[in-house]
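Have a look at the structure below before the remarks.
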Amino acid sequence: MRLTRRRSPPALLLLLAVLALLAGCARSPQAADDGRAGANVRADTPTHAVLRLRDRLLAHDAPGFARAALPPALHAQVAAAWREGRSRWPLDELPLDAKLPALLATLQAPGAETDLLAGFRRQFAGADRDIDQAVRTLVVFAGEYVQAQADTPPHEREHTLQVLAALGDWALAAPLADPGRARRFLDALAAAARRSGIPAARGQAAFADLGMQASLQRLSPFLATLMAQLRTQYGLDLDASLRGLRVQLLEQTGDQARVRLRYRLGTHEIDAVVPMVRLDGEWYVADYVRRARASLDGAGGGRVASP
């Protein structure tokens, strides 16, 4: 159904939704290039496992990221669960994963660019102070939410809070009230959403029909466009963050390890510790394995919302 101008959310809401999505994207592990970059790097050490994931993120290769993040048997189980509507991992790693079909449907609607930009001009064009207040409110709310999640491991909570602070400061400094930038941002995202070929009006059923591989493959160019527009319109270069991160092995005991990740996000230096696990001779990010397994039971972040 076509969204009317009256009901269309203003462009600022899309930008704020992006801010929340980035809080999940920026938690993805990355590493500095040590000369072994490539999709076929074997994850025989914790740092090589991180590097392999970094490569897939830089290539904007969501299906490759999913393959590299999980042991083959678990990857196959998650793919089957996609078809059955029981899992949406790795989309579960994004804070607004359940809202992604609605976001795509909004952008795919006929005249979406015009409607969204009209809403932006009515409410927020040139309204820097209103936008700054909205950003501050979102960051505070998101931080309180993260702090309240008792089942979130301390290392993950700390990393997420650092990312939220960095993205909040970036948003406060970015020209979010500029209607020209908003128009270019919306035009590019709407075109990318339509090119994806994902029938987003079907909600979560669209992902089930396509399956994990095809869904992630179609989402990859959309996410690449999003990152490019954030860089060109608003000065947030996530690819530079990916390329510039340093990774250090802190400790390894048997099949368990911890790595330290340091990277620049906006004007902030992020310093985080990530646990790793070795399964069948290769290393993986322990949190990804844990949440992917939980998604098979519809537990935790693996629950699939209704359309």
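How do the pairs read when you match residues in the range 160-188 that are within 17 Å of L238 (Cβ to Cβ) with residues anywhere that are part of a loop (DSSP other than H, G, I, E, B) and aliphatic (A, V, I, L, M), using Cβ under 6 Å and keeping only pairs 6 or more apart or on different chains?
Listed by first residue and then by second, the contacts come to V163/A26; W170/L236.
Mind listing whichever residues of the range 264-274 are closer than 19 Å to P154 by Cα and either among the basic types (K, R) or crowded, with 18+ Cβ neighbours inside 10 Å (or both)?
Those that are closer than 19 Å to P154 by Cα and either among the basic types (K, R) or crowded, with 18+ Cβ neighbours inside 10 Å (or both): I270, A272, V274.
Restricting to the range 60-104, count the residues that are of a type in the set (S, T, Y) and more than 16 Å from R290 (Cβ to Cβ).
So the count comes out to 0.
For the range 246-260, enumerate the residues that are buried (at least 20 other Cβ atoms within 10 Å of the Cβ) and of a type outside the set (G, A, S).
Residues of the range 246-260 buried (at least 20 other Cβ atoms within 10 Å of the Cβ): 247, 257, 259.
Within the range 246-260, V247, V259 meet the criteria.
Return the residues of the range 242-268 that are within 16 Å of A171 (Cα to Cα) and not in a loop (DSSP other than H, G, I, E, B); say none if nothing qualifies.
Hits for the range 242-268 are R264, L265, H268.
Out of everything in the range 74-120 that is polar (S, T, N, Q) and more than 22 Å from P63 (Cβ to Cβ), what residue ends up being farthest from the chain's Cα centre (by Cα)?
At the first step, the residues of the range 74-120 found to be polar (S, T, N, Q) are 77, 87, 106, 108, 114.
Now narrow it down to the ones that are more than 22 Å from P63 (Cβ to Cβ): 106, 114.
On the way: T106: 18, T114: 26 Å.
Applying the filter and picking the extreme gives T114.
Can you name the condition, by its number, that A20 falls short on among (1) modelled with pLDDT of 95 or more; (2) within 25 Å of L164 (Cβ to Cβ)?
Here A20 meets the rest and fails (1).
The values are calculated or read from the model by the stated rules, or taken from the named source; none is laboratory data. Keep in mind that what you see is a predicted model, and the values were worked out from it rather than measured. Please note: Cβ atoms are built from the backbone with ideal geometry, for glycine as well, and neighbour counts cover all protein chains shown.
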